[in-house]
Amino acid sequence: MDANPRGIPRAPFVEDVDEYMKTDSPEATLRKLSETVSKYRFMENSRLQQRGSLEQKIPEIEKTLDIVDYLRDRQGTSEPIETLFEVNDTLYAHATVPPTATVNLWLGANVMLEYTTDEAKELLASKLTVAKTGLKNAIEDLEFLRDQITTMEVNIARVYNWDVKQRRLQREASA
Amino acid sequence: MSSSRFPLLQRKEERDAEVTWEDQQRINEFSKLNTRYERLDDEYKREKEEDEYLDDLIMELELLDDDEPINYKVGDVFIKMALEDAQARVQRDKSRLSTRVGGLDAELAATQAKMDDLKKVLYAKFGQAINLEKS
């Protein structure tokens, strides 16, 4: 079946409702169609969460990159950097940081590694690229899912209208 | 049953206008553009607000004494730096943000224009049977 780059299947478009309704009862068909919509909605939800978490992560990486850049620029000087350092939430203390050629990056899973500022910059920049690509893909998926959900909703409306019309025709025939 | 906001062919409204694959694609496109518009608009509002904060900040910095270093936040830490260094950073952030705001503004306008075009085509064919308005 036709699918998008992340393997989300394309929703089938009902070309001809009369033809489509020949196999199953209207109730069964409507049930089947709504089930498909729920599956798409489930995927939509998971992509929304993904998007949300990336939208938080990206500014964080950018912030880290900003301070690494600052430290990198200060490397040539011998003057220490005078800071107000966050010791805890809302608690800052004066700290003097001598010019440094290395920084420690928290990699997760209880691991921290020391990098030169150049390496750190490179690593963070590549993480930023990955996160931005992920966000772009999540948005693409969400727009693709929107398309499929709309197709399914229109399918449902058309089957429903078809059923209403059939019932009316039957009533008129028996009257 | 499922209650989507739009666009959806109205139930109960019995219409004989057949939905072709081209129509379906137009309906999908409209729905997609509409979600895109909302997403971009949210971002636009956020960035616009930030942009205005930076304007205020630029004004405030103007009023400060040149000789006094200030504490300016870089990452999570406040760094004592010369006023002009802080101003340069603010200016850099400001120009990035203004570019982004301008870009979003243009994207929003383009999205709206495409939606308006689709609306005309879809209403011409389906009339009352379709609802393309925000509820």
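Derivation of every value follows stated rules applied to the coordinates shown; laboratory data play no part. Note that the coordinates shown come from a computational prediction; the quantities given were computed from them, not determined experimentally. Using ideal geometry, Cβ is built from the backbone for each residue, glycine included, and neighbour counts are taken over all protein chains shown.
So what is the orientation-averaged projected area of chain B, using the convex hull of its C-alpha atoms, in nm²?
Here the figure is 11.8 nm², rounded to one decimal.
In degrees from 0 to 90, rounded to the nearest 10, what is the angle of the helix A:26-74 Cα long axis to the longest principal axis of chain A?
So the helix axis and the longest Cα principal axis differ by about 10 degrees.
Before anything else, pin down the relative contact order of segment A:24-164: Cα pairs under 8 Å, at least 6 apart, normalised by residue count, whole percent.
About 35 percent, as a whole number.
Mind giving me the FRET efficiency for A:L84 and B:A106? R0 is 30 Å, r the Cβ-Cβ distance, nearest 0.05 is fine.
It comes out at approximately 0.15.
Distance in nm between label sites at B:R92 and B:K114, each 7 Å beyond Cα in the beta-carbon direction?
Going from the B:R92 label point to the B:K114 one covers 3.5 nm.
Just to verify a number: FRET efficiency for A:L48 and A:N4, C-beta to C-beta distance, R0 = 22 Å, to 0.05?
Step by step, r from the Cβ atoms, then E = 0.85.
Taking only Cα atoms, what is the 0 to 90° angle, nearest 10, from helix B:21-62's long axis to the longest principal axis of chain B?
20
Taking the Cα centroid of segment B:13-80 and of segment B:94-135, what is the distance between the two, rounded to the nearest whole Å?
Result: 16 Å between the Cα centres.
Put +1 on the Cβ of each Lys and Arg and -1 on the Cβ of each Asp and Glu in the protein assembly as shown; which of B:T99, A:T90, A:Q49 then has its Cα farthest toward the positive end of the dipole?
Farthest along the dipole direction, towards plus: A:Q49.
For chain B, what relative contact order do you get, as a whole percent, if you take Cα pairs closer than 8 Å and at least 6 residues apart?
Relative contact order, chain B: 44 percent.
For segment B:48-73, list residues with backbone N below 20 Å from a point placed 7 Å from the Cα of B:E84 toward its Cβ?
Once the point is set 7 Å along Cα→Cβ of B:E84, B:58-73 turn out to lie under 20 Å by backbone N, inside segment B:48-73.
Show which lysines lie in cross-link reach of B:K48 when reach means a straight Cα distance below 25 angstrom and same-chain residues fewer than eight apart are skipped.
A:K57, A:K63, A:K132, A:K136, B:K32, B:K73, B:K94, B:K114, B:K134
Please quote Rg/Rh for the protein assembly as shown to two decimal places, taking the Kirkwood radius as Rh and restricting both calculations to Cα atoms.
On the way: Rg = 27.8 Å, Rh = 24.1 Å.
Rg divided by Rh gives 1.15.
How many times 2.2 N^0.38 Å is the alpha carbon radius of gyration of segment A:58-175? Kindly include the intermediate steps, with their values, before the conclusion.
On the way: Rg = 29.2 Å, N = 118, 2.2 N^0.38 = 13.5 Å.
Against the compact-globule rule of thumb, the ratio is 2.17.
Can you list which of the GluC sites (Glu not before Pro) found in segment B:68-135 are DSSP loop residues with at most 16 other C-beta atoms within 10 Å?
B:E133
Kindly express, to the nearest 10 degrees and within the range 0 to 90, the angle between helix A:117-174's C-alpha long axis and the longest C-alpha principal axis of chain A.
Value to nearest ten degrees: 10.
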